[in-house]
Each structure stands twice: as structure tokens, then as C-alpha cells.
Amino acid sequence: METHEATGAAERAGISPEELRRLVELGIVAPEAGGRFTSGAIRRMGLVRGLVAAGVPLDGLGAAMRNGTFSLDFLDAPAFERFSALSDVTFAQFAARTGVAVELLLQIREAAGSPAPQPDDRIRDEELPYAELIAIQVKAGFNQASTLRLLRVQGDALRRMAETESAFWEAEILGPAMEAGRRPDEILGIEFGDQMAVMMERGIVAMYHLQQTQAWTTDMIANLEMQLAAMGLHSRLDHPAAMCFLDITGYTQLTQERGDAAAAQLAEQLGRLVQRTSVRHGGRPVKWLGDGVMIHFPSPGLGVLAALEMVAGVVEAGMPPAHVGLHAGPIIFQEGDYYGQTVNLAARIAEHARPGEVLVTQEVVDASGGAEVAFREIGPVELKGVAGAVHLHAAHRPG
């Protein structure tokens, strides 16, 4: 059993040769002719290591697999080929070869949601492409802080995508099949499961390209406008962007009365309304806050229009009334989120607004010229956590 193939397989699975020998003795994994272990066998080793860590007895697992009541054969399906094994390169070795700081490389695994590795730990196969990407950025002289921000945002966004996808599989495929008495290898090894995995990956890449198109087009238009304005060929209207907070009135009480399922349904319904309306007016939902949402609008006037439509749409959809606050001013964008006093003030204004009300600051009014909205002056208002009075206006449709 102490063969070169066995030693290499154990290293790629992250287990010792002694642990591999025990797995073979129990019939949990088996080498092919010539002592070679397939990639599916290496995936079995890694998964069994996790099962043992979770408290599953190894002897009982082996017995169940030998008598056919339990199987890990589903790990041979093409859908699981993406499960990463360990490469033959450590983080320290890669750092020495490329000149990238090893501390930066270690962030890759943390961004993927795993505990921080040590410099002498091996890089996973699927971590190598990102390590190569970082090496290119470092060679080009990119700012390390920017590289880290990109890594963290991509890792967090893709983690949420993967978790949502996993929940989808559990609800729509695995759960019902297991309830019907089918084993995982009978579910995931079939042609449909493999086809779904491939199409899901293609769909994610396609959606990413669609998002790139939107983001890059926005940047290109802004840059071209600046160039044309500098040439005297275009008069570019400069105004600060606006932050908008929309909250649902009585959301907490509603969830207590109707339960979590009703709250989830309300959040989904609100999400569709906000996404559709804000995008139509050039805005982008930034993050969901349980009882509401934070939205960024490059144009304050269009942001007010969108807010009025959303408040009306919430009522038409039979949801509890919404209340909105908007403020325009300097905003700090970092790691996919927005920060600063403009954001904080908009949130406080939303808290002050009454059900069905859209309140805005004087800065929003001043930057809303040309928008089909009207404003009713409320006057100076003291807001919680804000120094000094804030001059507010209530937005409404003209006429």
C-alpha cells in the first residue's frame, strides 16, 4: 500500500498514508489496477474525512458501504469533478516563485469561506487560477488593497450564489428524492443531474457577462461624456448621486404575527418591485436590510420618481405601506457597498418618514430639476443621531 500512487493520492486528499490504508481496508475506497486512485476516489477520501470530523464512526460507515446500504458512488458523477484536491505547490512556494506576498495569497482560501491556511499548506487546484491572477496584478503594479477588495467581494458574492444554489438543489431535487427513498448516487449520478450542473455553471457565467455589460457600459458612457465635455462638444450636468432607503412600515410586527414564511414571501415580492422600478430609473439596489432596501441613484431626480413609484406599487401589491428617505451628496464606494454621511443621513430620514411618505433633503430638490416631481416644504427637522436640523421636503406627483 506504500506506493507512489497511494502517497500522492493521500497528499491530494489531505490525509495521511495510514488513514488511506484504513479506508482501503474498510472498503470505503479502492485503487484501480496498478494501484492508481481515481479523482472520484480522492473526492471520497476528502468527504469521509469530513464525515469522521462530524462524528460519523468510520467502522460503521465502512460496514454500510460494504453491504450496499450506503454509497458514495455519486462522487464519480461529472458534476463533482469541480471538487478541488490539493496541488503539489504550497502557498510559500508559489510566493517565492512569483514574488507575490504570501499573506496576500493566503487570503484566497479565506475568501472562499475556509479557515486561514498556513504558508506551508498546499494550494488547492481551484485556488491556483486565482493565485495566477493575483500574480499578474502584482506584476502590473496594481494596488494591493484594490486586489484584496476585489477578492473579498467576489468571494462573498459567489459564496451567496453557491449557498442559494445548494438550497435550490436540496428543495427541488435532493429532498424530494430522498423522501422517496432514493440514495444520493441514484439522484446525482443520473444524466439530468449532470446536465443541470453544467447548465447552472453556464448560466452563472452568462449572468456575470450580462452584469459586466451593464457596469462597463455605464463607466464607458461616463468617461466618454467627460471627454466630450472637455472638448466642448457636450454639456455634462454634474450633480451628486443620491442614496435612497425604503422601509416597510410594521415589518417586525407583521413577521411576528404571520411567521417567517410570510416574511420571506414579503421580502421576495418587495425585491421584485424594487429591482424592476429602480433599474428602470437608472438605480441599483445595493443591499437588503430585512425590512427594507438601500438603493443608489446616479440621478437624484430619477431617484425621487422611482421612490414615488415604489411607494405606490407597494400599496397596489397589498403590502404594508413603505416610507422613504433620500439624500444627495458625496458617497464612498468600497467592496460593492456605499458609505459616508450621505448614506447615514438618508437612513435617518427614512426612519423619520411616515407611512407612504417620501422625504428628501434640499440637496435632492436642488438636483432634481427637470424631473416630473413636486416638493412640499416641511422645514428644519431634528433627526436622531444627526447634528443640527435638516431641511426636509415631501415629494409628490405634480398636480
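Yes/no matrix, rows are residues, columns are (1) aliphatic (A, V, I, L, M); (2) closer than 23 Å to residue 207 by Cα; (3) in the same structural domain as residue 205 (by TED's automatic domain parsing):
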{"residue": "110", "(1), (2), (3)": "no, no, no"}
{"residue": "123", "(1), (2), (3)": "yes, no, no"}
{"residue": "142", "(1), (2), (3)": "no, no, no"}
{"residue": "158", "(1), (2), (3)": "yes, yes, no"}
{"residue": "164", "(1), (2), (3)": "no, yes, no"}
{"residue": "170", "(1), (2), (3)": "no, yes, no"}
{"residue": "178", "(1), (2), (3)": "yes, no, no"}
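The set of residues from segment 299-339 being in a loop (DSSP other than H, G, I, E, B) and more than 11 Å from residue 241 (Cβ to Cβ) comprises 317, 318, 319, 320, 321, 335, 336.
Yes or no, residue by residue, for (1) surrounded by fewer than 15 Cβ atoms within 10 Å (Cβ to Cβ); (2) farther than 30 Å from residue 150 by Cβ; (3) assigned by TED's automatic domain parsing to the domain that holds residue 294:
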{"residue": "336", "(1), (2), (3)": "yes, no, yes"}
{"residue": "339", "(1), (2), (3)": "yes, no, yes"}
{"residue": "343", "(1), (2), (3)": "no, no, yes"}
{"residue": "346", "(1), (2), (3)": "no, no, yes"}
{"residue": "350", "(1), (2), (3)": "no, yes, yes"}
{"residue": "365", "(1), (2), (3)": "no, yes, yes"}
{"residue": "375", "(1), (2), (3)": "no, yes, yes"}
{"residue": "378", "(1), (2), (3)": "no, yes, yes"}
{"residue": "389", "(1), (2), (3)": "yes, yes, yes"}
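How about segment 20-72: which of its residues are more than 21 Å from residue 85 (Cα to Cα) and among the basic types (Lys, Arg)? Of everything in segment 20-72, just one residue is more than 21 Å from residue 85 (Cα to Cα) and among the basic types (Lys, Arg), namely 66.
Of the residues in segment 319-331, not one is modelled with pLDDT of 90 or more, under 25 Å from the mean Cα position of the chain (by Cα) and surrounded by 17 or more Cβ atoms within 10 Å (Cβ to Cβ). Are any of the residues in segment 94-103 in the same structural domain as residue 178 (by TED's automatic domain parsing), in a helix (DSSP H, G or I), touching a strand residue (DSSP E or B) at 6+ places or on another chain (Cβ under 7 Å) and not basic (Lys, Arg)? Yes, segment 94-103 has at least one match. Taking helices (runs of 4 or more DSSP H) as the structural unit, those lying wholly within segment 1-61 and holding at least 3 residues that are within 22 Å of residue 122 (Cα to Cα), of a type in the set (A, V, I, L, M) and touching a helix residue (DSSP H, G or I) at 6+ places or on another chain (Cβ under 8 Å) correspond to 4-13, 39-53. When residue 204 is tested against the conditions (1) under 27 Å from residue 275 (Cβ atoms); (2) modelled with pLDDT under 80, the lone failure is (2). As a summary of the residue check, residue 58 satisfies the conditions (1) closer than 30 Å to residue 199 by Cα; (2) in the same structural domain as residue 20 (by TED's automatic domain parsing); (3) not small (Gly, Ala, Ser) except for the one numbered (1). Comparison of 232, 282 shows that the only residue that is over 19 Å from the mean Cα position of the chain (by Cα), in a loop (DSSP other than H, G, I, E, B) and not assigned by TED's automatic domain parsing to the domain that holds residue 325 is 232.
For segment 369-399, the candidate set comprises residues that are within 21 Å of residue 301 (Cα to Cα) and not in a strand (DSSP E or B); within that set, the residue that is modelled with the highest pLDDT is 373.
For segment 352-359, the criterion of being in a helix (DSSP H, G or I) and either touching a His at 6+ places or on another chain (Cβ under 6 Å) or surrounded by fewer than 21 Cβ atoms within 10 Å (Cβ to Cβ) (or both) is met by at least one residue. For segment 340-351, filtering for residues that are at negative phi and either in contact with an Asp or Glu (Cβ under 7 Å, 6 or more places away or on another chain) or outside any helix (DSSP H, G or I) (or both) leaves 1.
So which residues in segment 285-317 are over 21 Å from the mean Cα position of the chain (by Cα), of a type in the set (D, E, K, R) and within 21 Å of residue 254 (Cβ to Cβ)? Within segment 285-317, just 316 meets the criteria.
Could you go through segment 375-382 and let me know if any residue there is in contact (Cβ under 8 Å) with a residue 60 or more places away in the chain and at positive phi.
no
Only one of the listed residues (99, 50, 40, 68) is closer than 24 Å to residue 166 by Cβ and surrounded by fewer than 16 Cβ atoms within 10 Å (Cβ to Cβ). That residue is 50.
The values are calculated or read from the model by the stated rules, or taken from the named source; none is laboratory data. It should be emphasised that the depicted structure is a prediction, and the values quoted were computed from it without experimental measurement. Cβ atoms come from the backbone with ideal geometry, glycine included; neighbour counts cover every protein chain shown.
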